[in-house]
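Undergrad: Starting off with a structure, shown below.
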Amino acid sequence: MSITSTLESIGEYALLLRRVLMPPDRAREFAKEFSKEIYKLGVNSIWIVTIISLFIGAVIVMQIAYNINSPLLPRSTVGSVSREIIILEFSSTVICLILAGKVGSNIASEIGTMRITQQIDALDIMGVNSANFLILPKVVAFVLFMPVLVIFSTFMGLYGGYVLCAITGNPSTDTYVYGIQFFFRESLVWYSLIKSMLFGFIISSVAAYYGYNAQGGALDVGKASTDSVVANSILILMTDLAFTQLMMG
Amino acid sequence: MIEVQNLIKEFEGRVVLNNISTKFKEGAVNMIIGKSGSGKSVFLKCLVGLLRPEGGKILYDGKDFLKMKHKEAKRLHRNMGMLFQNAALFDSKTVLENVMFPLDMFSRKNYRERKKRAEFCLERVDLLDAANLYPSEISGGMMKRAAIARAIALNPKYLFCDEPNSGLDPKTSQLIDELIQGITKDLEITTIVVSHDMNSVMNIGDHIIFINEGVKEWEGTKNHIMDSDNKELNEFVFASDLFKKIKEVEETGPETRHPEA
Ligand SMILES: Nc1ncnc2c1ncn2[C@@H]1O[C@H](COP(=O)(O)OP(=O)(O)OP(=O)(O)O)[C@@H](O)[C@H]1O
Ligand SMILES: [Mg+2]
């Protein structure tokens, strides 16, 4: 991708956002779309977040228990370190990378299909601000639902670790739970929630941008959807780096 | 009233519409005809504001659409209905919800009145039975009819149709043609139809504009279309065998064609 085309895309994205971030034409219709999106983008993602968090949580605890094996450190350290990793990186960033695939491709292909079948043109001709009508409910719903998913993922991750401790006994569940509670900083949870909401905004708006600007046929909708996942993954990783540097440094 | 002056549209330097000027007849079916790729759809998209022309004026009741402020353009949009080539129904909504959608967005009426209006429009296109089906569950002709119902829900002043009978059998296309004509007369709207089907041109065209390679070659009524001496138009009209024969019959009289009768 050349620099000029990248800059052009950024410009187009900004212009699209300007049309999206406006008060909706009809509050009643917005509410209707919003509640549909909460279900489609948010509630429908709970199961995948649950499964992944349970397993990865268990693996994180297993790895840490295996690697931190020093007589100088109390065994409860396993719980504390797992907690930090799960809250700071796993539940916010890794889960968002997965949602960039699931939710991002869903948004891009839905809007892309509407574009190539002229449903978006139909909205424009009626005098509806199509960008606002289609994209705003998705962005708002996903950003607001993101904390729910992250908190859910954190609990499931920690619970996965707990189940592992119950099975292997290394460390014991009591030690693990003590470790989780030991020197717990609430600020990290806020940090994680804010970060994930930022990612939620990126995922939904970037995917919508790719779908909204799709042109051609069914094949191009598939391409828009793939491109959106790739772009979102890179953006999430870069933002994560910048955000962490900003908050920790 | 819609009037177009010196309209120019280019795509990356390639001129697709070249200096088109015309006036559409009010309260009548205006037909834009021409070969595939001649720029008909692009012309229609310019008229409704989906494409921005590089030059010229599009006057709605004397006001230039291209220079209108956002609010004004939006108000004008509410007076436009459009039927797309592929119907473009919202596939996440039922037929009834599709027809109700413009009302939900713009009408101040309550739910019951909006529903009644939508049902009235569906009744008009004879599709009330399919009200609760999704677009994927109905046929192409039904989709077109549902799209017509949606286009007229807000009582528009202008109706635009891009190839309303492409992909339909002759009987269904005639039905759609008659529907468009009936609605135009009943609601006194100005209708602009893009088509390359000579049958519908002769059936319902009150005013006909022929475009060839982005240039308006000819304009007139259907009574004159057969005896125009424009070479391009003749080529287009008499590309169909049927019309060639009609012309022959008209010129030589039916009796000479059937001497045995
Ligand atoms: N978005 C676009 N970008 C570039 N060129 C375009 C675009 N849309 C249309 N064209 C070109 O403009 C010309 C006219 O196209 P248009 O769709 O208006 O044809 P048409 O008369 O509607 O044909 P048909 O009867 O097949 O629908 C074509 O040569 C087409 O390639
Ligand atoms: Mg066309």
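Undergrad: Residue under question is residue B:182, and the condition is that it be away from ligand 2 (no atom under 16 Å from the Cβ) and open to solvent by less than 40 Å² (accessible area, probe 1.4 Å); does it hold? Before you say what the answer is, go through the steps one by one.
TA: On the way: away from ligand 2 (no atom under 16 Å from the Cβ): yes; open to solvent by less than 40 Å² (accessible area, probe 1.4 Å): yes.
Spelling it out, residue B:182 is indeed away from ligand 2 (no atom under 16 Å from the Cβ) and open to solvent by less than 40 Å² (accessible area, probe 1.4 Å).
Undergrad: Which of the following residues is facing chain A (nearest Cβ under 9 Å), among the small types (Gly, Ala, Ser), open to solvent by 10 Å² or more (accessible area, probe 1.4 Å) and farther than 19 Å from residue A:25 by Cα: B:37, B:140, B:49, B:56? Give the derivation first.
TA: Details: B:37 fails: facing chain A (nearest Cβ under 9 Å); B:140 fails: facing chain A (nearest Cβ under 9 Å); B:56 fails: facing chain A (nearest Cβ under 9 Å).
Within the list B:37, B:140, B:49, B:56, the selection yields B:49.
Undergrad: Moving on to the next point. If you take the residues in region B:83-100 that are in contact with a helix residue (DSSP H, G or I) (Cβ under 7 Å, 6 or more places away or on another chain) and in a helix (DSSP H, G or I), which one is surrounded by the fewest Cβ atoms within 10 Å (Cβ to Cβ)?
TA: Going through region B:83-100, the residues in contact with a helix residue (DSSP H, G or I) (Cβ under 7 Å, 6 or more places away or on another chain) turn out to be B:83-84, B:87-91, B:93, B:95-96, B:98-100.
Of the ones still in play, those that are also in a helix (DSSP H, G or I) are B:95-96, B:98-100.
On the way: B:95: 28, B:96: 21, B:98: 27, B:99: 30, B:100: 24.
Filtering region B:83-100 for residues that are in contact with a helix residue (DSSP H, G or I) (Cβ under 7 Å, 6 or more places away or on another chain) and in a helix (DSSP H, G or I), the one surrounded by the fewest Cβ atoms within 10 Å (Cβ to Cβ) comes out as B:96.
Undergrad: Out of the residues in region B:65-82 meeting the condition of being exposed (fewer than 13 other Cβ atoms within 10 Å of the Cβ) and more than 13 Å from every other protein chain (Cβ to nearest Cβ), tell me which one is nearest to the chain's Cα centre (by Cα).
TA: B:67
Undergrad: Considering only residues that are out of contact with any Ser or Thr (no Cβ under 9 Å at 6 or more places or on another chain) and within 16 Å of ligand 1 (Cβ to nearest atom), which ones fall in region B:180-195? Reasoning before the result, please.
TA: Step one: list which residues in region B:180-195 are out of contact with any Ser or Thr (no Cβ under 9 Å at 6 or more places or on another chain), which gives B:182, B:185-189, B:192.
Once the filter is applied, which keeps residues that are out of contact with any Ser or Thr (no Cβ under 9 Å at 6 or more places or on another chain) and within 16 Å of ligand 1 (Cβ to nearest atom), region B:180-195 yields only B:192.
Undergrad: Only one residue in B:159, B:154 is within 16 Å of the chain's Cα centre (by Cα), away from ligand 2 (no atom under 16 Å from the Cβ) and not in a helix (DSSP H, G or I), so which one is that?
TA: Details: B:154 fails: within 16 Å of the chain's Cα centre (by Cα).
The unique qualifying residue is B:159.
Undergrad: Continuing with the same structure: Do we find that residue A:90 is open to solvent by 30 Å² or more (accessible area, probe 1.4 Å), touching a residue at least 60 places away in the same chain (Cβ under 8 Å) and farther than 30 Å from residue B:147 by Cβ in this structure? Spell out how you get there, then give the answer.
TA: Working: open to solvent by 30 Å² or more (accessible area, probe 1.4 Å): no; touching a residue at least 60 places away in the same chain (Cβ under 8 Å): yes; farther than 30 Å from residue B:147 by Cβ: yes.
Taking the combined requirement at face value, the residue does not satisfy it.
The values are calculated or read from the model by the stated rules, or taken from the named source; none is laboratory data. From a predicted model like this one, the values you see are computed outputs, not experimental measurements. Cβ: placed from backbone, ideal geometry, glycine included. Neighbour counts: every protein chain shown. Only protein heavy atoms, including side chains, enter the accessible area calculation; ligands, DNA and RNA are left aside. Shrake-Rupley method; radii C 1.70, N 1.55, O 1.52, S 1.80 Å.
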